[in-house]
Amino acid sequence: MTKDFSHQSSETTTKLYVRTNTNRISLPANGKRTIVVAGLSNTERKLDNTQMQALEDAVNDLNSLNLEAVSLKFEKRTEKQHEESNNKNSTVLILRDARNINDFREGEFAIASFSKNGNPGSPITITPNNTELNTPEFFFKGIFLHELGHTFGIVHSDFDTRTSCGLNTTDGSRNRVIEHIPGTSTDTSDTNSIMAACATDIGVFSLTSQDKTAIRRIFQRAEF
Ligand SMILES: [Zn+2]
């Protein structure tokens, strides 16, 4: 697919949420930090087979970017394995949300935690009704790529408006300390990104070229 650069100024923003340096994922001076992306595989809060495959595919997409200082590792984990693991600080656990379906807003598919204290955010919880619907794998992959973006510290690309949700209200990111990721544009209502607030609602299910630039940049050792 060819990108039309004549409209670049109004496309593709991605912003990185960083309150302080400790909100960014810490990178090693040499080599790659391993971040485990673990789908829960037992109990009633486990991912179903479609979701688990989508999560693995999302991790593969991210690793295919050849990130300089991070390598992602997909795992299936039982609760016990997670409890006993010694790499929790470098793990994003993905599991089904414990709340009742009536407690979710319409169109709310998942909730992520932002990166904190130099570590990726965890967990990502996924709305329970998705497991009962006949939702295709590519849809879940889009959801996971978006939520993983949050766990890496990235805020919504359209945070000032949430245009992708049909809204014209900020999501509050304006009140946070955020830094522009070099190599991406600066439009804060941009929807050409997996990080658009309602990306899957507008048909964005995979990483755009600007998303790739952004993710490569935040996992590169050079500071910004
Ligand atoms: Zn989001």
message: List the residue pairs whose Cβ atoms are under 9 Å apart, where the first residue sits in segment 14-43 and is at positive phi and at pLDDT 95 or above, the second is assigned to a loop (DSSP other than H, G, I, E, B) and not polar (S, T, N, Q), and the two are 6 or more positions apart or on different chains.
response: G31/A69
query: Looking at Q210, is it away from the ligand (no atom under 15 Å from the Cβ), in a loop (DSSP other than H, G, I, E, B) and not aromatic (F, W, Y)?
result: no
Residues (assigned to a strand (DSSP E or B) and charged (D, E, K, R)) located in segment 60-90: K73, E75, K76, R77
message: With the requirement that a residue be of a type outside the set (G, A, S) and part of a loop (DSSP other than H, G, I, E, B), what does segment 120-132 give you?
response: P120, P123, T127, P128
field: Residues satisfying the stated conditions in segment 91-104, i.e. closer than 21 Å to V59 by Cα, more than 14 Å from the chain's Cα centre (by Cα) and either of a type in the set (A, V, I, L, M, F, W, C) or assigned to a helix (DSSP H, G or I) (or both)
entry: L95
query: Can you name every residue in segment 105-119 that is part of a strand (DSSP E or B) and under 16 Å from K88 (Cβ atoms)?
result: K116, N119
task: Take S85 and decide whether it is modelled with pLDDT under 95 and hydroxyl-bearing (S, T, Y).
output: no
task: Inspect all residues belonging to segment 117-129 and state whether any of them is of a type outside the set (K, R), closer than 16 Å to T50 by Cβ, buried (at least 20 other Cβ atoms within 10 Å of the Cβ) and more than 11 Å from the ligand (Cβ to nearest atom).
output: yes
Unmet criterion (only one of (1) at negative phi; (2) within 14 Å of the ligand (Cβ to nearest atom)) for G107: (1)
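What do you reckon, is D158 away from the ligand (no atom under 13 Å from the Cβ), touching a helix residue (DSSP H, G or I) at 6+ places or on another chain (Cβ under 7 Å) and acidic (D, E)?
Spelling it out, it is not the case that D158 is away from the ligand (no atom under 13 Å from the Cβ), touching a helix residue (DSSP H, G or I) at 6+ places or on another chain (Cβ under 7 Å) and acidic (D, E).
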query: Quick one: which of A196, A110 is closer than 30 Å to R45 by Cα, under 12 Å from the mean Cα position of the chain (by Cα), without any contact (Cβ under 8 Å) to a residue 40 or more places away in the chain and buried (at least 16 other Cβ atoms within 10 Å of the Cβ)?
result: A110
field: Scope segment 133-167; condition among the β-branched types (V, I, T) and assigned to a helix (DSSP H, G or I); matching residues
entry: I143, T151, T163
query: Among the residues of segment 133-155 satisfying the criterion of being of a type outside the set (A, V, I, L, M, F, W, C) and away from the ligand (no atom under 13 Å from the Cβ), which is surrounded by the fewest Cβ atoms within 10 Å (Cβ to Cβ)?
result: N134
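Are any residues in segment 168-188 assigned to a loop (DSSP other than H, G, I, E, B), more than 13 Å from the ligand (Cβ to nearest atom) and free of Cβ contacts under 8 Å to residues at least 60 places away in the same chain, and if so, which ones?
Residues satisfying the conditions are N168, T169, T170, P182, G183.
The values are calculated or read from the model by the stated rules, or taken from the named source; none is laboratory data. All of these numbers come straight from a predicted model, not from anything done at the bench. Please note: Cβ atoms are built from the backbone with ideal geometry, for glycine as well, and neighbour counts cover all protein chains shown.
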